[in-house]
Amino acid sequence: LFDYGVSAIIVGALLAIFSTILGHSIFSWCLRYFSPAFVSASKLCEPVGAAALAALIFGQIPSVMQLLGGALILGGLVWYSRMEGEAA
């Protein structure tokens, strides 16, 4: 654990702390406005957003299968949100 150097450990700890605090705070805030099932389903968008940022920032273009998977996730979330809206 300590072979990485102090700066790497500090950066890793800060990433873990802030990502956890920010992530949980955002999801808790969303629960005021959305159902728990929708908030849970929306977590599936995280890898899609990460792939989009990787394409924009680093030029890492996803494969066709990855694009199809992302489209399937987003389409399923849109479909679910419409179904939930009709049920309410």
| query | Consider Gly12 against the criteria (1) open to solvent by less than 100 Å² (accessible area, probe 1.4 Å); (2) assigned to a helix (DSSP H, G or I); (3) modelled with pLDDT of 90 or more: it satisfies all of them except one. Which criterion is unmet? | reply | (3)
| task | Tell me, please, whether a residue that is within 30 Å of Glu84 (Cα to Cα) and modelled with pLDDT under 90 can be found in segment 64-71. | result | no
| request: State whether the residues of segment 18-25 include one that is over 14 Å from the mean Cα position of the chain (by Cα), open to solvent by 50 Å² or more (accessible area, probe 1.4 Å) and at pLDDT below 90. | output: yes
| Candidates Ala55, Ala50, Ala41 - the one that is under 11 Å from the mean Cα position of the chain (by Cα) and farther than 23 Å from Glu84 by Cβ | Ala50
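The values are calculated or read from the model by the stated rules, or taken from the named source; none is laboratory data. Treat the numbers as computed from the prediction; the structure is a model and nothing was measured. Heads up, the Cβs are rebuilt from the backbone with ideal geometry, glycines too, and the neighbour counts pull from every protein chain shown. With ligands, DNA and RNA removed, areas are computed over all heavy atoms of the protein, side chains included. Shrake-Rupley method; radii C 1.70, N 1.55, O 1.52, S 1.80 Å.
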